[in-house]
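The values are calculated or read from the model by the stated rules, or taken from the named source; none is laboratory data. Remember, it's a predicted structure, so these values are computed and weren't measured experimentally. Cβ sites come from the backbone with ideal geometry, for glycine too, and all protein chains shown count toward neighbours. We work out accessible area using only protein heavy atoms, side chains counted, and drop any ligands, DNA or RNA first. Shrake-Rupley method; radii C 1.70, N 1.55, O 1.52, S 1.80 Å.
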Amino acid sequence: MAGFERRTLASSVEAVREVYAPNSVVLDAGADFETLPPEAAEELGLLVDALDPAAYPTAWLPDDAPAQLRRYAGSDFTIGMPGDGTVVWTRQTTPPTVIAKKRAEGTPDDFLAFLLAEAFVELSLEAPEHFLPFFGESYRDLAAATPLGPNETYQLAAALFDAWVGIQTREVFEGWESDHPEIYAAWTDAGDQLVDRLETLSGDVARGDRSFTAATEYACAAVKHDLDLPAPFSALDTDAYRDHGADYAVRWAQKTFEKLAE
């Protein structure tokens, strides 16, 4: 893939970076990717002070875990995973790095500003950069709690993690109407785009028009915008989920799939 270039930020986005991730490096990638290929990861190392690849116990993974997730858990320097979207960030570099993928060129400016600001806010939190360290050994419990295949379990875990992070980031965005009005407006507009589909979400699943995993992804994406969620997803938009994290998510999955099986 093509290399990286330093990204020039709009003033409104730079203002957020200075508050929430002042030491971060912001780059444009010359291509789209799910996971950076090894040669690109090596090039990234030339643009930062140090690399500190993360690794996690393979005992956390079910036997049928997707190959990409196994590689992520291993010692290889892995940036980006399926489902990460247009902007990714990592603390595996010093300083932390935010990367806008090639597809960002076709993303509306206001929405891209929100995505970049979201990355800076997430960097300021204690949240991990992927669902695997969030779930830890509970990932096997999540897989056991559902009838889903390995790829759908991955999607479900990513969605649940997105909701947990979103509960925290929205608290920041909600206070930006005066301090960062342009980003606040973009955050609000992004939420408005989700409302109509949320209203039919439960019915879509009941009719078979949308898979349960896809519906969970949609509902969990809406959490960060403080929208009203239908049951059973509303149980994820709670202080209890924020406080208890992965254990709560696993219990929610167990109860939800038990009810779906009735």
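Scanning segment 162-192 for residues that are part of a helix (DSSP H, G or I) and either of a type in the set (K, R) or free of Cβ contacts under 8 Å to residues at least 40 places away in the same chain (or both) turns up R170, E171, W176, E177, S178, D179, P181, Y184, T188, G191, D192. Would you check if E137 is open to solvent by 30 Å² or more (accessible area, probe 1.4 Å) and in contact (Cβ under 8 Å) with a residue 40 or more places away in the chain? Judged against the criteria, E137 is a match. For the condition open to solvent by 50 Å² or more (accessible area, probe 1.4 Å) and touching an Asp or Glu at 6+ places or on another chain (Cβ under 6 Å), R170 does not qualify.
Of the residues R70, R17, the single one that is open to solvent by 70 Å² or more (accessible area, probe 1.4 Å), in a helix (DSSP H, G or I) and in contact with a helix residue (DSSP H, G or I) (Cβ under 8 Å, 6 or more places away or on another chain) is R70. Residues in segment 208-231 that are open to solvent by less than 50 Å² (accessible area, probe 1.4 Å), free of Cβ contacts under 8 Å to residues at least 60 places away in the same chain and assigned to a loop (DSSP other than H, G, I, E, B): H225, L227, L229, P230. Across segment 117-131, what is the number of residues that are under 15 Å from T188 (Cα atoms) and either of a type in the set (A, V, I, L, M, F, W, C) or surrounded by fewer than 21 Cβ atoms within 10 Å (Cβ to Cβ) (or both)? The qualifying residues number 1. Which ones in segment 38-67 are among the hydrophobic types (A, V, I, L, M, F, W, C) and either open to solvent by 40 Å² or more (accessible area, probe 1.4 Å) or over 16 Å from T93 (Cβ atoms) (or both)? L46, L47, A50, L51, A55, A59, W60, L61, A65, A67, listed by residue number. Within segment 190-207, the set of residues being touching a helix residue (DSSP H, G or I) at 6+ places or on another chain (Cβ under 8 Å) and open to solvent by 80 Å² or more (accessible area, probe 1.4 Å) comprises just one member, R197.
Residue pairs whose Cβ atoms lie under 9 Å apart, sitting 6 or more positions apart in sequence or on different chains, and linking a residue in segment 92-109 that is over 16 Å from R6 (Cβ atoms) and open to solvent by less than 70 Å² (accessible area, probe 1.4 Å) to a partner that is outside any loop (DSSP other than H, G, I, E, B) and modelled with pLDDT under 95, are Q92/L51.
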